[in-house]
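My structure is below; once you've seen it, I'll send some questions.
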Amino acid sequence: MSTSQIDFTSPVPLTNLHRDPATAALLMCPPTLYDVNYVINPWMAGNVHASSRVRAIEQWKHLYEAVSQVAEVLLIDPQPGSPDMVFTANAGLERNGIVVISSFLHPERQDEEPHFRRWFEQAGYTLVDIPRSTPFEGEGDALFSTDGTRLWVGYGPRTLMSSHRALERIWNVEVASLHLIDPRFYHLDTCFAPLEGGYIMYFPDAFDDASVEAIEAFYPPEKRIVVSEIDAACFVCNAINIDRTVIVNRVSRELGAQLGSLGFNVVQVALSEFLKAGGAAKCLVMKLSAREAWAKAGNYNPSARTAS
Ligand code: ARG
């Protein structure tokens with residue numbers, strides 16, 4: 001589907017979902033109701049109503065076009081009163097057909113939860129709830145290593161550490177907690193990006209010492225891509241990585257060359273209007289596993305709908 005064919009008022013019919021069971025999909029939400037309406041992170045300060053919706057739609061379409069080259073894109077309708085719903089990475093965390101629905105820390109985003117819940121229910125996923133008392137902000141704060149053996153989960157600004165044990169039980173996966181200490185990098189996906197080939201692109205100063213040690217114990221030196229503060233502040237770690245394609249807002253010449261030499265094809269899509277809300281490329285998509293993988297998965301209890 002080309003962007004000119006997108007009907008921004010209605011989602012892709014559910015019957016069209018997962019056309020090819022082997023293809024991973026990305027969930028996106030058109031920015032027709034996007035705005036910066038409140039301040040819940042440092043990027044939003046001074047930017048209330050300062051983004052251009054026209055430019056945001058243009059930029060989002062460019063991102064949609066870029067990701068459509070490498071993945072199937074599914075859409076959810078935007079909802080009045082939920083301007084941050086464009087950041088679908090925060091809807092929850094999905095793996096093998098199970099979705100842990102986010103429990104947002106800030107009341108400003110809690111109205112998004114039932115809309116995402118309904119979309120996943122209708123699409124046939126198994127849903128798991130995280131209690132309100134243990135905030136969890138989905139794929140924004142929880143990222144699997146590309147080999148799937150470890151789930152890295154951020155905590156501090158948004159997600160609480162108490163949610164991490166529940167995640168461990170749901171997928172029977174090793175969870176490693178990473179403490180985020182810089183308010184600019186309030187979600188894990190703003191400063192940490194596992195890349196295909198077992199690489200990790202990260203901004204060490206966003207983490208406390210113990211977390212940097214945990215990252216470096218898992219990823220050997222030749223697999224670490226350390227980014228500068230300038231690149232990090234341009235949201236380079238907020239990267240969409242599908243196979244060898246890496247899509248980012250912006251990358252420095254040096255880092256672009258380093259990624260290129262490692263075999264990555266780096267695509268830059270300007271996303272200035274979304275940076276005003278504290279998000280960029282990766283925040284605007286949620287990765288969904290291929291339906292084929294659901295069938296193979298046998299390591300969970302589908303009757304456990306509520307994590308305690
Ligand atoms: N304004 C949104 C918030 O503060 C931005 C979310 C960005 N999403 C992400 N996955 N980092 O919650």
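Bear in mind that the values in this text are calculations on the coordinates, not laboratory data. No experiment lies behind these values; they were computed from the predicted model shown. We place every Cβ from the backbone using ideal geometry, glycine too, and count neighbours over all the protein chains shown.
Out of Y202, P135, S68, whose Cα points farthest toward the positive end of the dipole of the chain (charges: +1 Lys, Arg; -1 Asp, Glu; placed on Cβ)?
Towards the positive end, the residue furthest out is S68.
Sort out the exposed loop trypsin sites (Lys or Arg not before Pro) in the chain (DSSP loop, at most 14 other Cβ within 10 Å) and tell me the longest stretch that has none.
On the way: sites that count: R19, R132, R305.
The longest uninterrupted stretch comes out as 133-304.
Just want to confirm a number: the relative contact order over the chain, from Cα pairs under 8 angstrom separated by 6+ residues, in percent. Mind showing how you got there, number by number?
Details: 632 pairs, mean separation 69.3, N = 308.
Relative contact order, the chain: 22 percent.
Separate question: Within the chain, which whole H helices from DSSP have a Cα span along their axis of at least 15 Å and a mean Kyte-Doolittle hydropathy of -1.0 or more, if any?
On the way: long enough: 53-68 (22 Å, -0.58); 112-122 (16 Å, -2.10); 162-171 (16 Å, -0.81).
Helices meeting the span and hydropathy rule in the chain are 53-68, 162-171.
Sort T190, T149, T245 by Cβ crowding within 10 Å, fewest neighbours at the top.
Working: T190 30, T149 10, T245 18.
Fewest-to-most ranking of T190, T149, T245: T149, T245, T190.
Given R₀ = 22 Å, what would the calculated FRET efficiency be for H106 paired with I242, taking r from the Cβ atoms and rounding to 0.05?
Working: r = 30 Å, r/R0 = 1.36.
The computed FRET efficiency comes out at 0.15.
What is the P(r) of the stretch 170-285, as percent of Cα-Cα pairs per 10 Å bin from 0?
Result returned by the calculation: 14, 47, 33, 5, 0.
Please work out how much length the chain gains when fully extended from T146 to R165, using 0.36 nm per residue of separation minus the C-alpha to C-alpha distance, in nm with one decimal.
On the way: separation 19, 0.36 × 19 = 6.84 nm, distance 2.05 nm.
Contour length minus the Cα-Cα distance gives 4.8 nm.
Follow-up question, since we're still on this one. Stretched out fully, how many nm does the piece from E174 to Q79 gain, at 0.36 nm a residue minus the Cα gap? Working shown, then result.
Values: separation 95, 0.36 × 95 = 34.20 nm, distance 3.53 nm.
Result for the pair: 30.7 nm of gain on full extension.
Just to be sure I understand: of the beta bridges DSSP finds with both ends in the stretch 45-188, what percent are antiparallel, rounded to 5? Provide the component values of the computation, followed by the final result.
Working: 8 of 18 bridges.
Restricted to the stretch 45-188, the bridges split so that about 45 percent are antiparallel.
Quickly work out the E121-to-S272 label distance, labels modelled 7 Å from Cα along the C-beta direction, and quote it in nm with one decimal.
4.2
What number comes out for the charge environment of S272, summing +1 per Lys or Arg and -1 per Asp or Glu over other residues with Cβ under 15 Å away?
Its environment carries a net charge of +2.
Which distance in nm do the two modelled labels at R253 and T32 give, with both placed 7 Å along the Cα-to-Cβ direction?
For R253 paired with T32, the spin-label model returns 4.3 nm.
If you don't mind, there's one more thing I want to ask. In Å, what Rg and Dmax follow from the Cα atoms of the stretch 58-173?
14.4, 41
Would you list C283, C234 from fewest to most Cβ contacts within 10 Å? Could the numbers behind the result be given before it?
On the way: C283 26, C234 21.
Ordered by Cβ neighbours within 10 Å, fewest first: C234, C283.
Here is a follow-up. For the stretch 20-297, give the share of DSSP beta bridges that are antiparallel, in percent and rounded to the nearest 5; count only bridges with both residues there.
Details: 19 of 40 bridges.
Counting DSSP beta bridges with both partners in the stretch 20-297, the antiparallel share is about 50 percent.
Separate question: Over the stretch 122-195, how many percent of alpha carbon pairs lie in each 10 Å bin up to the one with the longest distance?
That works out to 20, 51, 26, 2, in percent per bin.
Report the charge-dipole magnitude of the chain in Debye, nearest 20, computed about the Cα centre from +1 at each Lys and Arg Cβ and -1 at each Asp and Glu Cβ.
Details: 25 positive and 36 negative charges, 88 e Å.
Once rounded to the nearest 20, the dipole reads 420 debye.
Per residue of the chain, what 222 nm ellipticity follows from adding -39500 (n - 2.57) for every DSSP H run with n ≥ 4, rounded to the nearest 500?
Working: 9 runs with 75 residues, N = 308.
Rounded to the nearest 500, it is -6500 deg cm²/dmol.
May I pose another question? So how far apart, in nm, are the two label points at D209 and E65 if each is 7 Å from Cα heading toward Cβ?
Placing both labels 7 Å beyond Cα along the Cβ direction yields 4.9 nm.
Further, regarding this structure: Percent of alpha carbon pairs in the chain separated by more than 33 Å?
On the way: 7626 of 47278 pairs.
Within the chain, distances greater than 33 Å cover 16 percent of Cα pairs.
Any idea how many Lys pairs in the stretch 20-297 come in under 23 angstrom at the alpha carbon, given 8 or more places apart or on separate chains?
On the way: K61/K276; K61/K282; K61/K287; K223/K282; K223/K287; K276/K287; K287/K296.
Taking the stretch 20-297 as the scope, the lysine pair count is 7.
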